[in-house]
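A short write-up of the structure that comes next.
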Amino acid sequence: MSAYVEEEHFAGSNKLFTSIWFWLVLLTLVEIGLAYKPMPIHFMLTILMGLSIIKAALIVAYFMHLKFERLSLILTIVPMLVICICLFFVFFPDSFRSSDLRYKYKEKPPAAATETP
């Protein structure tokens, strides 16, 4: 009887697992394709951040098994996600300041001297 129970336990299908892998690979291919399309940078980054958040939610839900956890654990983790996203918005303006610290040409570099005989 115990052999039947063990066999029944492993007899399930992997349809959910393969479908999640399919969506993760598809989202990754879309992100790679967007990186090569010419479009405004702010629009592209917004789409890429949205797709990355969707991928992270799929990974957390299915591969970290939080979809099947109790509500109390989810209510503990989701506020931490919100705090991390808010911290991105706190430190993100500093990246605009650092872009002005780079060396920029104020004038054109001198042309190469041509020798005249």
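In order along the stretch 60-65, the phi-based Karplus estimate (6.51 cos²θ - 1.76 cosθ + 1.60, θ = phi - 60°) of 3J(HN,Hα) comes to 5, 5, 9, 7, 9, 6 Hz; Gly and Pro are listed as x.
Does the stretch 36-93 come out rounded, prolate or oblate, given a ≥ b ≥ c as the square roots of the eigenvalues of its C-alpha gyration tensor, rounded meaning a/c under 1.5 and, failing that, prolate meaning a/b above b/c? Note, shape of the stretch 36-93 comes out oblate.
The slack in the chain from Leu66 to Trp23, taken as 0.36 nm per residue of separation less the alpha-carbon distance, amounts to 13.7 nm.
With θ taken as phi - 60° and the Karplus curve 6.51 cos²θ - 1.76 cosθ + 1.60 applied, the whole-hertz 3J(HN,Hα) list for the stretch 36-42 is 9, 8, x, 7, x, 5, 5 Hz, x standing for glycine and proline. Working from label points 7 Å from Cα in the Cα-to-Cβ sense, the Ile74 to Val90 distance is 2.7 nm. Ranked by solvent-accessible area (1.4 Å probe, protein heavy atoms only, all chains present), the residues Val60, Val25 order from largest to smallest as Val25, Val60.
The modelled label-to-label distance between Val30 and Leu48, using points 7 Å beyond Cα along the C-beta direction, is 1.6 nm.
The values are calculated or read from the model by the stated rules, or taken from the named source; none is laboratory data. In this text the structure is predicted, and so the values were computed from the model without any measurement. Glycine also receives a Cβ, built like all others from the backbone with ideal geometry; neighbour counts cover every protein chain displayed. To get the accessible areas, we keep the full protein, side chains included, count just its heavy atoms, and leave off ligands, DNA and RNA. Shrake-Rupley method; radii C 1.70, N 1.55, O 1.52, S 1.80 Å.
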